[in-house]
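Shown next, in structure tokens, is the structure this report addresses.
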């Protein structure tokens, strides 16, 4: 299967209109329709239910849309990685949120520099949850990212596991305690769906307040607008006037992972993964204690 019919199919599937898809692709409608019919004939399935007024995906079309997006992303990613590898001064691109390395970046890079296969590293600072997309699209070779995240097309190893703390405004009633429980916080998180619940809670804060980094998040905490759970490493890395941190013993820990594309065969990327993984204990995780 060639990439051009897949690109045409994805355009129609996303627009659900042949004229708009043709305009998006900068072609006319007749060759677009012929390409879709030929693709359906090759696959032996109907991809679209067509009437004079509507276009809808069939079940087969729905399945192909997900697979086609993945295949096209992988193709573009391969091109980006090949261009970087063939540059006069190749660099390994490591994606990380500015405040998302648990204070371990320097240790990881120092160990990586001692690896025979190491290359110069370009750190790609990114926003909340952008790392998986950058990896799948070939814009990064590896990423430091907290679980949970979408593992589709990616491999990952644990780098560190930390206890959770809650960030509270200094005037918050719970700030007078040394430790608090999840029940005290009344956050929309619970076992056994805790990691996903917390991720969705933070997504909501990001969407509502336009937060892109931890300093912005902590400013909202200091103002009393929100409270939130964070990894223990934040306590020493981000002291803030008006913000106090308290341990939450019954909160599941925060897991930092290093992720990379499943199809990667780069010795440099493998060396970086080894360097990051070397911080873990024999059980598979370096556990920080509060």
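The values are calculated or read from the model by the stated rules, or taken from the named source; none is laboratory data. Note that this is a predicted model, so its numbers are computed, not measured. In this analysis, Cβ positions are derived from the backbone assuming ideal geometry, glycine residues included, and neighbour counts consider all displayed protein chains.
Figures for the structure shown
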read-out	value
Verdict on residue 94 being at pLDDT 95 or above, out of contact with any strand residue (DSSP E or B) (no Cβ under 7 Å at 6 or more places or on another chain), surrounded by 15 or more Cβ atoms within 10 Å (Cβ to Cβ) and not in a loop (DSSP other than H, G, I, E, B)	no
Residue in the range 67-83 that is touching a residue at least 12 places away in the same chain (Cβ under 8 Å), outside the structural domain of residue 117 (by TED's automatic domain parsing), under 25 Å from the mean Cα position of the chain (by Cα) and more than 30 Å from residue 120 (Cα to Cα) present	yes
Set 75, 65, 47, 43: member being farther than 30 Å from residue 238 by Cβ and modelled with pLDDT under 90	75
Residues being touching a strand residue (DSSP E or B) at 6+ places or on another chain (Cβ under 9 Å), closer than 19 Å to residue 254 by Cα and part of a helix (DSSP H, G or I) - total across the range 173-196	3
Strands (runs of 3 or more DSSP E) enclosed by the range 197-284 - at least 1 residues per element that are in contact with a strand residue (DSSP E or B) (Cβ under 7 Å, 6 or more places away or on another chain) and within 14 Å of residue 100 (Cα to Cα)	228-231, 254-261
All positions within the range 144-160 that are farther than 21 Å from residue 72 by Cα, in contact with a helix residue (DSSP H, G or I) (Cβ under 7 Å, 6 or more places away or on another chain) and in a strand (DSSP E or B)	145, 157, 159
Some residue of the range 52-59 being at pLDDT 95 or above, in a helix (DSSP H, G or I) and under 34 Å from the mean Cα position of the chain (by Cα)	yes
Candidate set: the range 203-229, residues that are out of contact with any helix residue (DSSP H, G or I) (no Cβ under 8 Å at 6 or more places or on another chain) and within 18 Å of residue 149 (Cβ to Cβ); chosen: the one surrounded by the fewest Cβ atoms within 10 Å (Cβ to Cβ)	207
